[in-house]
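Report on one structure; see the data block that follows.
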Ligand code: NAP
Ligand code: G3H
């Protein structure tokens, strides 16, 4: 079992290999979205403490960058094993802190262990190259560029509440393999889960200061962290609003952003409707729709719309609603404000003439899975990301209209196309303005070595194990000039 890093539910930050409390004596209560109980207290650290932590990370990176890659990989592999050994304990933390349903919580941790292990392995295969000069016009054989990859320095990792372990690790592990030190700013709601992840790396043997954590409200310490001159890379996952704000103030610091989405499932007349309905429901409602890649709208051609809606409704009726426990899929949303926002979108659609097929039942921050048909483009839910268990059905006349509406979104994360006609599938895929198109599957991120990216307001840069290691390192060229 991993050690607890807290006393009486007070959690410190991992700084230079120690768990430390803030000198500010200011803490923040993490309240469970499940039952309003106290999960724990986290530190609200001061700007002065941030300066000291960044200085420590800078110092620690000097020896970490010279640590052999094979040794870095050993530590990461050990972290993956520790994570897996503690799957039950950590999944309970996710259940209580972010109301993640049991199956999704277990899957988040298992997947994270696999991610870290794969990253350790991939990091050992990142290689440089030598480039001769004479293939460029006017040059002879008397020059060779030796290109290696070197780390960037300190990576600031900022993760969101919905995957506090996985989306912290997916930044930390590739950054470490590339030889960077990392400062993790976890989501406030999700901090405790992320601090346990830091504990896992710590007991796996990561040298002091190579991974430090800073807890506190993004709105209070975020700007200071981002604009600190010693931060060399920002790896951010979260909402588009915060992402755009960070991009504005970070100036020339390179960054990677995974932001919001409005993933469309386009359904053509020849689709296998049973398989399609199953995929759409799994895609739209898992973890109560709080996934960037959730299916967030269905664009279905008129001739099969009635049948598809009937099938989706019947799949939804099988979902179990309640507090996280075995077999429950729909759990309370992260907070009451999130539920209010989802409710606003539902109310707006119904007021403008949408047909409620099922759901629109609410108990505090728990919203039952809701399906809305006959959504029109004047309704907010046609365009906005609810991050909750509600799915709008937009009926279209033909493929062209589906592509048009799909591309009108400000977002461009993923899309699905359901059809048995592979030509149409590829034709549509080639026209969709998104990072990834799934043919006959729900929108989803994994497997995690695939490239994962959003275009337009959905992000910048490319995640995916090798892509992430490359993004958090840079080529260094040494040119040998000699006489021939
Ligand atoms: P969020 O409110 O944007 O917060 C994300 C992170 O940013 C949190 O750690 C937050 O800290 C921090 N933050 C807030 N203000 C900041 C500032 N000024 N400077 C620096 N950091 C700041 O997002 P969320 O509600 O946690 O997550 C949901 C959103 O993330 C959705 O829009 C979803 O689509 C998106 N998301 C995208 C992907 C993807 O891969 N594309 C994956 C997951 C989630 P606090 O918690 O302390 O405010
Ligand atoms: O919320 C964003 C995650 O990166 C999506 O991952 O598709 O596996 O749920 P997922």
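Number of residues in the range 438-455 that are within 23 Å of residue 401 (Cβ to Cβ) and either crowded, with 20+ Cβ neighbours inside 10 Å or modelled with pLDDT under 95 (or both): the value is 3. Among the residues making up the range 419-446, those that are more than 16 Å from ligand 2 (Cβ to nearest atom) and in a loop (DSSP other than H, G, I, E, B) are 419, 420, 421, 432, 433, 440. Residue pairs whose Cβ atoms lie under 8 Å apart, sitting 6 or more positions apart in sequence or on different chains, and linking a residue in the range 400-414 that is surrounded by fewer than 15 Cβ atoms within 10 Å (Cβ to Cβ) to a partner that is assigned to a helix (DSSP H, G or I), are 410/240. Checked against (1) under 28 Å from residue 274 (Cβ atoms); (2) within 14 Å of ligand 2 (Cβ to nearest atom); (3) not in a strand (DSSP E or B), residue 416 passes all but a single condition, namely (3). For the structure I just gave you, tell me whether residue 153 is surrounded by fewer than 24 Cβ atoms within 10 Å (Cβ to Cβ) and either in contact (Cβ under 8 Å) with a residue 40 or more places away in the chain or not assigned by TED's automatic domain parsing to the domain that holds residue 61 (or both). The answer is yes for residue 153.
Would the range 285-295 turn up any residue that is within 16 Å of ligand 2 (Cβ to nearest atom), assigned to a helix (DSSP H, G or I) and in the same structural domain as residue 107 (by TED's automatic domain parsing)? No - not one qualifying residue is present in the range 285-295. Restricted to the range 312-326, and to residues there that are free of Cβ contacts under 8 Å to residues at least 40 places away in the same chain and loosely packed, with under 15 Cβ neighbours inside 10 Å, the residue that is farthest from residue 162 (Cα to Cα) is 314.
For the range 456-484, the tally of residues that are more than 16 Å from ligand 2 (Cβ to nearest atom), in a loop (DSSP other than H, G, I, E, B) and surrounded by fewer than 20 Cβ atoms within 10 Å (Cβ to Cβ) stands at 3. Restricted to strands (runs of 3 or more DSSP E) entirely inside the range 147-247, those with at least 3 residues that are within 11 Å of ligand 1 (Cβ to nearest atom) are 154-158, 233-237.
Scanning the range 2-13 turns up one or more residues that are outside any strand (DSSP E or B), surrounded by 14 or more Cβ atoms within 10 Å (Cβ to Cβ) and in contact with a helix residue (DSSP H, G or I) (Cβ under 6 Å, 6 or more places away or on another chain).
The values are calculated or read from the model by the stated rules, or taken from the named source; none is laboratory data. Note that the coordinates shown come from a computational prediction; the quantities given were computed from them, not determined experimentally. When we count neighbours, we look across all protein chains shown, and the Cβ atoms used for this are built from the backbone with ideal geometry, even at glycine.
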